[in-house]
Amino acid sequence: MSDTLQDRRLHGATADASADTRRVRDDAELLSPATQIVGDTDVYLGNASADIGRRIADDQLELFVVCQPAEAMLQQFAQLAPDFIAIHDIGTASSTRLLGAVAKAASRKVQQLVIRRQGYGVALATLQFVELPLRPGRNLRVYTTQIDGDTQTRHQLAQVLLAHSRLGVIMVGELPAHALGSSLQPLRDAMAKGPWPNRQMLLVPLASAGTLPAQAAAMAGNSGVMVRTTPQVGRPTDAWSFISGAWNRLNQNGTTAAPVRAATPVQATRSQAFAPPPSAGSYAPTQSLELNPMPSTSHQGALAQTPNSEALWNDYARRCAAIKGVTQCCVFDVDLQRSLAHSVTQRLAERLATKGAMLHAVMTDTANVLGLESANPDAVITLPEHLLLIRPMPGKPRVALHLVIERAHGNIALTRQQLQQIDTELLGSVH
């Protein structure tokens, strides 16, 4: 009997010890997850390249979220600050076809970013994009706002993508003026309300849209965003030429992102040439696309890039301000809407640069719509008591002058003569 009791006591002690061991092991597992084998040294060392989402296939990434998809993307953009292009559709569904054509030209796949609910795996939204190779060893994402999700999620994500892109593009289909205005109104409201970090918007009409330049000017409003329109296009190759050209102008000023370009047919090889995609129809591009940095053909050669440019432009602005009747003067970068030199306060100089760039864009767009020569627009705008002069620098069309002249004290003909003299004295050696 005593032996049996002793065995029971020993068995109970052993069970208690086993339970204690299990509790210790369970606590340790909670505090220390099971070891995983990591095949990527960069991931193990914490040096993995920053990316939006976790790659699960060569053409798909996943992003698990605990909030709304638009808010999650805002957080990603705030943390990673990526450079990307966003292409939006109004009255058309061309951006996905353009994306497919560009991907095929670059021998890349159209990829998907699937945003899922954390813990459930339910897909909340699916975004499509293509990654274009840039030197050195960097990629540029081009998103379409044709998003798979519910209506509210699609609209919110589209605005987030456009607001935080480096270049926002809107493909405009054939719409009557009133429908076009109402379609652009939500974006106009979002830009006015802010925050809207993007400073560059490009409107690409796929049909005749005579009111589009005026809509673009109204869309920009006082937001400080440069809103431009291109001539009417009919194929992705045409649209991409304008998009890549706008990207080049943005990134030929010493910024971190590298430019892309559409090559001429002479530069194409048979393997690079576009083949008409089965579903592309009339949108099939016919020329090749090179996605490498190229020497500037426009903005990079501007005097704004030369070592002595700051002193030169300051001297130019000082001499312009001394012309009789001139009350405000600003030399500005047309593409960046940035003052290079001025004779006024910094705040007023920013306004002169922004509004000067907008007037320059409206003049260019108007000439394009009317089928007229649009290079180097020069204009005098008459106000009740003042004159506004917008004038490109000789030989430097991406740098312009914005003057405000009092009508009571100034003379536009004399002002132009004096400007020509300043050009000869300060810019003659550069020509």
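The values are calculated or read from the model by the stated rules, or taken from the named source; none is laboratory data. Keep in mind it's a predicted model, so treat the numbers as computed, not measured. Methodologically, a virtual Cβ is constructed for each residue, glycine included, from the backbone with ideal geometry; neighbour enumeration extends over all protein chains shown.
Does segment 337-349 contain any residue that is closer than 23 Å to T229 by Cβ, among the aliphatic types (A, V, I, L, M), not assigned by TED's automatic domain parsing to the domain that holds R249 and not in a loop (DSSP other than H, G, I, E, B)?
First, pick out the residues of segment 337-349 that are closer than 23 Å to T229 by Cβ: 337-338.
Okay, now just the ones that are also among the aliphatic types (A, V, I, L, M), so none.
No, because not a single residue in segment 337-349 is closer than 23 Å to T229 by Cβ, among the aliphatic types (A, V, I, L, M), not assigned by TED's automatic domain parsing to the domain that holds R249 and not in a loop (DSSP other than H, G, I, E, B).
Would you check which residues across segment 114-153 are basic (K, R), touching an Asp or Glu at 6+ places or on another chain (Cβ under 8 Å) and closer than 28 Å to V227 by Cα and list them? Let's see the steps before the verdict.
Within segment 114-153, the first condition is being basic (K, R), and the residues that meet it are 116-117, 135, 138, 141.
Adding the requirement that they be touching an Asp or Glu at 6+ places or on another chain (Cβ under 8 Å) leaves 116, 141.
The answer is R141, and nothing else.
Considering each of A262, A284 in turn, give the residue that is surrounded by 18 or more Cβ atoms within 10 Å (Cβ to Cβ), at pLDDT below 50 and out of contact with any Pro (no Cβ under 6 Å at 6 or more places or on another chain). Step through it out loud before you land on a result.
On the way: A284 fails: out of contact with any Pro (no Cβ under 6 Å at 6 or more places or on another chain).
Going through A262, A284 in turn, the sole match is A262.
Evaluate segment 335-345: report whether one residue or more is at pLDDT below 85, surrounded by 21 or more Cβ atoms within 10 Å (Cβ to Cβ) and either closer than 22 Å to W313 by Cβ or of a type in the set (V, I, T) (or both). Give the derivation first.
To start, the set of residues in segment 335-345 that are at pLDDT below 85 comprises 335-338.
Remaining after also requiring surrounded by 21 or more Cβ atoms within 10 Å (Cβ to Cβ): 335, 337.
Next cut, either closer than 22 Å to W313 by Cβ or of a type in the set (V, I, T) (or both) only: 335, 337.
So far as segment 335-345 goes, yes, one or more of its residues are at pLDDT below 85, surrounded by 21 or more Cβ atoms within 10 Å (Cβ to Cβ) and either closer than 22 Å to W313 by Cβ or of a type in the set (V, I, T) (or both).
Which one of these does D238 not meet: (1) modelled with pLDDT of 50 or more; (2) in contact with a Lys or Arg (Cβ under 7 Å, 6 or more places away or on another chain)?
Here D238 clears every test but (2).
All but one of (1) surrounded by fewer than 17 Cβ atoms within 10 Å (Cβ to Cβ); (2) assigned to a loop (DSSP other than H, G, I, E, B) hold for P82; state the number of the condition that does not hold.
Exception for P82: condition (1).
Does any residue of segment 56-68 turn out to be in the same structural domain as D238 (by TED's automatic domain parsing) and within 24 Å of S183 (Cβ to Cβ)?
Yes, some residue in segment 56-68 is in the same structural domain as D238 (by TED's automatic domain parsing) and within 24 Å of S183 (Cβ to Cβ).
So which residues in segment 88-105 are within 22 Å of I56 (Cα to Cα) and touching a strand residue (DSSP E or B) at 6+ places or on another chain (Cβ under 6 Å), if there are any at all?
L99, A103
Any residue at all in segment 189-205 that is of a type in the set (A, V, I, L, M), in a helix (DSSP H, G or I), under 15 Å from the mean Cα position of the chain (by Cα) and under 30 Å from A367 (Cβ atoms)? Step through it out loud before you land on a result.
Restricting attention to segment 189-205, the residues satisfying the condition of being of a type in the set (A, V, I, L, M) are 190-192, 201-204.
Then keep just the ones that are in a helix (DSSP H, G or I); that gives 190-192.
Still in the list and also under 15 Å from the mean Cα position of the chain (by Cα): 191.
Subset that is under 30 Å from A367 (Cβ atoms): 191.
Yes, because at least one residue in segment 189-205 is of a type in the set (A, V, I, L, M), in a helix (DSSP H, G or I), under 15 Å from the mean Cα position of the chain (by Cα) and under 30 Å from A367 (Cβ atoms).
If a residue has to be assigned to a strand (DSSP E or B) and buried (at least 17 other Cβ atoms within 10 Å of the Cβ) to count, how many in segment 140-171 make the cut?
Our first condition is that a residue be assigned to a strand (DSSP E or B); within segment 140-171, this holds for 140-149, 167-171.
Now drop any that are not buried (at least 17 other Cβ atoms within 10 Å of the Cβ), which leaves 140-147, 149, 167-171.
Within segment 140-171, residues that are assigned to a strand (DSSP E or B) and buried (at least 17 other Cβ atoms within 10 Å of the Cβ) number 14.
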